[in-house]
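For reference, the structure is listed below as structure tokens.
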Amino acid sequence: MSKIDDDAWLYTISSKRKLIDFNFKEIWHYRDLLMLFVKRDVVTVYKQTVLGPLWYLIQPLFTALTFTLIFNKVANIETGTVPPFLFNLAGVSIWNYFNTCLSSTSDTFKTNAAIFGKVYFPRIIVPLSIVISNLMKFSIQLLIFIAFYIYYYMNGAAIHINNSILFFPVIVMLMGLLGLGSGMIISSLVTKYRDLKFLVGFGVQLLMYVSAVMYPLALMREKLPKIAWIVEYNPLAYIIETARYMLLGTGTLSLFGIIYTISVTLLVLVFGIIIFNRTEKTFIDTV
Amino acid sequence: MVILKAKNISKQYRLGLVGTGTISHDLNRWWAGIRGKEDPYLKVGAVNDRSTKADSDYVWALRDINFEVNKGEVLGIIGKNGAGKSTLLKILSRVTIPTTGEIKTKGRIASLLEVGTGFHPELTGRENIYLNGAILGMTKAEIKAKEQEIIDFSGCERYVDTPVKRYSSGMTVRLAFAVAAHLEPDILVIDEVLAVGDAEFQKKAIGKMQDISKGDGRTVLFVSHNMAAVKSLCSRAIVLEHGKTVFEGETDDAVDFYLENANTILKSRTNIFPLENTNYGIIFKNIFIKEIEQSSICVKLLVDTKLEIKNIGFGIKIKDFNDIVIGSITPAITGESFNLKKGESEISFYLKNFLTLFSGGNYYFDVWVAKPKLEMIIYGENVIGYVIPKKDRFSTGVFHERNKHGIINMEGTITM
């Protein structure tokens, strides 16, 4: 076989693996599949339910209500001038976005084993579609937040939007990417060692308590200075704190926190892609 | 032009459960990788034979498979269960990667490993056409252009806007096959799709497959147990056995090789003896065949009895390579019943003109003993086989093929 002929091969299926095998052209070819998956996820979840998409709203509303009753009314956590319910609704909505991204993507290989075992398409399409469809759900939840925001504003609550709101999409994206990255890492490991599934189950719950969802970051520093570092080294806490600053004008905006969060997110994402790429080639033999 | 080339494809699987032992193997492998050494577990691994006990934790599902496929060719892949066919297709369709070796291709490969992959029950037929098409690698525009054609082919026009969960299983399969059949990849990989659907639809499906390969000049890799389908579709075939290629060539030769090969294994089933029924104290000790005269054979069964048994009947069934009973001799025909004394007896089944009555090929025998009209005592299935040589029926030097001229050599004449 001549050398020219060798170059004519479209692709090679081989035992050799590259560290990062990220084929943008191929993913672009499958963009329609990505959108169809998103559509499927959004449309089919609440089929044959009476309330339909209203369920998207019921979850955060009731969680925020419960948090307000327990943490603010019973435990007396101070949220400054911001109404506690609005404070919690913001935290819960953003946290939920991360939570759903992480827990759905971490199941990628297992739940899709049947389909992955039969046809090839770039596997990353599935976690990507999860992050995008959850973004849709998040947008719906954001609408209800805006509705309450206006209600409280009309009633004279001391809340104000500042210029930093322009960067809100960036914060949301960071949250999604962090969920995607860690979800991909977990999904890859879960294929072989199912132990992790249990860890994720309650780990995410614990993580919420150290992510400044229902309390301001400053409060943790003030009340528990010894273990405040757990929260301070948690990029999620910065994301939620920053998002609250943008939406409600409460809390602190720290440059260090933002840079730290971006670096961690990128690191997790790159690591996630690497390990996901390695796994997608052979996971069907072990899952 | 060679469109696909497989070089030294091997695939190793680990046997048993994933447990703590797996971590240590993973670590060993990782450590070898760091030092730039070869995977230590690649050296071990047994030939993939389902029936024997494993002496290694690893098994080679495929071992050094080499083949080339030309553009427009339909290559059949045949082999028994566990021969490695599906593993090969999985590698070809990029579901998993080979342990060693590589496959190079000049075209896009799409697989049809099992129809209906990715159908969502809550979505309507039309929505599923789009979803399934996209999973199989089509873009939205491509699907839109073929949408009506797909619906027409499936014959589900009326239900196309109903959720798929309300479909009958046959309808789901029809719709799924219709989507897949309208794919336009350079190389299409098909596994056993024809096993589904009713007779009418199977015919339609085979017809479509033929159109794809012959009409459009598409390259197809076809895996099936349906020898008739393989023969009608493929121009060339490879036979896999225990993960190795044992035959490569013309389809007819490959099918013959496969069938005869499968049979030789059945033929040596003497290891199932002795067959015993303890209630009656009767044992089938052994069986053998004696050729008598020119054209007849005698199947001889050695029976050992612990007590005297009165009034029992023996029978024999003759089966062809497809496991279809083509004849039998029973007490109902012979009217004989036997009284067995304690000790060994020899039962002879005389098959008159067996060699001339049936055409060339492999035949198998079931023998049984029963209390007439009461109960079966021992039923020995496929206890022995016999090969009738192919016949030069027309004295032309061409040997008679049973597929062409039937199993039974009719007695009779054509006159004018």
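The values are calculated or read from the model by the stated rules, or taken from the named source; none is laboratory data. Remember, it's a predicted structure, so these values are computed and weren't measured experimentally. Cβ placement follows ideal geometry from the backbone for every residue including glycine, while neighbour counts extend to all protein chains displayed.
Each residue in region B:125-146 was checked for being under 34 Å from the mean Cα position of the chain (by Cα) and not in a helix (DSSP H, G or I), and 3 of them qualify.
Going by what's in this entry, would A:TYR260 be described as touching a Pro at 6+ places or on another chain (Cβ under 7 Å) and either over 30 Å from A:PHE85 (Cα atoms) or away from every other protein chain (no Cβ under 14 Å) (or both)? Taking the combined requirement at face value, the residue satisfies it.
Pairing each residue of region A:185-200 that is among the β-branched types (Val, Ile, Thr) with any residue that is in a loop (DSSP other than H, G, I, E, B) and modelled with pLDDT of 85 or more, provided the two are 6+ apart or on different chains, yields C-beta distances under 6 Å for A:ILE186/A:SER106; A:VAL200/A:SER106. When each of A:LYS3, A:LYS16 is tested for being touching a strand residue (DSSP E or B) at 6+ places or on another chain (Cβ under 9 Å), loosely packed, with under 13 Cβ neighbours inside 10 Å, over 17 Å from A:ILE130 (Cβ atoms) and at pLDDT below 85, the lone residue that passes is A:LYS16. The set of residues from region B:218-228 being more than 19 Å from B:VAL69 (Cα to Cα) and either surrounded by 24 or more Cβ atoms within 10 Å (Cβ to Cβ) or in contact (Cβ under 8 Å) with a residue 24 or more places away in the chain (or both) comprises B:HIS225, B:ASN226, B:MET227. When region B:157-168 is examined, which residues are found to be part of a loop (DSSP other than H, G, I, E, B), over 31 Å from the mean Cα position of the chain (by Cα) and either under 19 Å from B:GLU200 (Cα atoms) or acidic (Asp, Glu) (or both)? Passing the criteria: only B:ASP161.
Okay, residues lined up against (1) of a type in the set (Ser, Thr, Tyr); (2) under 25 Å from B:PHE257 (Cα atoms); (3) touching a Cys at 6+ places or on another chain (Cβ under 9 Å):
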| residue | (1), (2), (3) |
| --- | --- |
| B:GLY281 | no, no, no |
| B:ASN286 | no, no, no |
| B:GLN294 | no, no, no |
| B:THR305 | yes, no, no |
| B:ILE309 | no, no, no |
| B:ASN322 | no, yes, no |
| B:ASN339 | no, no, no |
| B:SER345 | yes, no, no |
| B:SER348 | yes, no, yes |
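Within region B:93-116, one or more residues are surrounded by fewer than 23 Cβ atoms within 10 Å (Cβ to Cβ), over 29 Å from B:VAL2 (Cβ atoms) and not assigned by TED's automatic domain parsing to the domain that holds B:ASP252. Against the condition modelled with pLDDT under 80, within 14 Å of chain B (Cβ to nearest Cβ) and farther than 20 Å from A:GLN141 by Cβ, how does A:LYS25 come out, does it pass? When the stated conditions are applied, A:LYS25 does not pass them.
Might you let me know whether region B:85-106 holds any residue that is of a type outside the set (Lys, Arg), more than 17 Å from B:ALA181 (Cβ to Cβ) and modelled with pLDDT under 80? Within region B:85-106, none of the residues are of a type outside the set (Lys, Arg), more than 17 Å from B:ALA181 (Cβ to Cβ) and modelled with pLDDT under 80. Screening the candidates B:GLU149, B:GLU68 for the property of being modelled with pLDDT of 85 or more, away from chain A (no Cβ under 14 Å) and either assigned to a helix (DSSP H, G or I) or surrounded by fewer than 19 Cβ atoms within 10 Å (Cβ to Cβ) (or both) yields one hit, B:GLU149. Need pairs with beta-carbon distance below 6 Å; first residue among the charged types (D, E, K, R) and within region B:273-287, second at pLDDT 85 or above; sequence gap 6+ or separate chains. Every condition considered, the pairs that remain are B:GLU276/B:ILE283; B:LYS285/B:LEU302; B:LYS285/B:ASP304. Being in contact (Cβ under 8 Å) with a residue 12 or more places away in the chain, acidic (Asp, Glu) and either under 20 Å from B:ASP191 (Cβ atoms) or away from every other protein chain (no Cβ under 13 Å) (or both): is that true of B:GLU142 here? No. Considering (1) among the charged types (D, E, K, R); (2) more than 23 Å from B:SER93 (Cα to Cα); (3) within 14 Å of chain A (Cβ to nearest Cβ), the lone condition that B:ARG108 does not fulfil carries the number (2).
Yes or no: region B:11-18 includes at least one residue that is in a loop (DSSP other than H, G, I, E, B), modelled with pLDDT of 85 or more and on the phi < 0 side of the Ramachandran plot. No, region B:11-18 contains no residue that is in a loop (DSSP other than H, G, I, E, B), modelled with pLDDT of 85 or more and on the phi < 0 side of the Ramachandran plot. Scanning region A:142-166 for residues being surrounded by 13 or more Cβ atoms within 10 Å (Cβ to Cβ) and either in contact with a strand residue (DSSP E or B) (Cβ under 9 Å, 6 or more places away or on another chain) or closer than 11 Å to A:ALA90 by Cα (or both) gives a total of 5. Inspection of region B:85-102 identifies no residue that is assigned to a helix (DSSP H, G or I), more than 11 Å from chain A (Cβ to nearest Cβ) and more than 31 Å from the chain's Cα centre (by Cα).
Scanning region B:383-416 for residues that are more than 25 Å from the chain's Cα centre (by Cα) and modelled with pLDDT of 75 or more yields B:ASN409, B:MET410, B:GLU411, B:GLY412, B:THR413, B:ILE414, B:THR415, B:MET416. In summary, B:GLY118 fulfils each of the numbered conditions (1) modelled with pLDDT of 80 or more; (2) out of contact with any Asp or Glu (no Cβ under 9 Å at 6 or more places or on another chain); (3) facing chain A (nearest Cβ under 8 Å) with the single exception of condition (1). Could you tell me how many of the residues in region B:170-216 are at pLDDT below 75 and part of a loop (DSSP other than H, G, I, E, B)? Adding up the residues that qualify gives 5.
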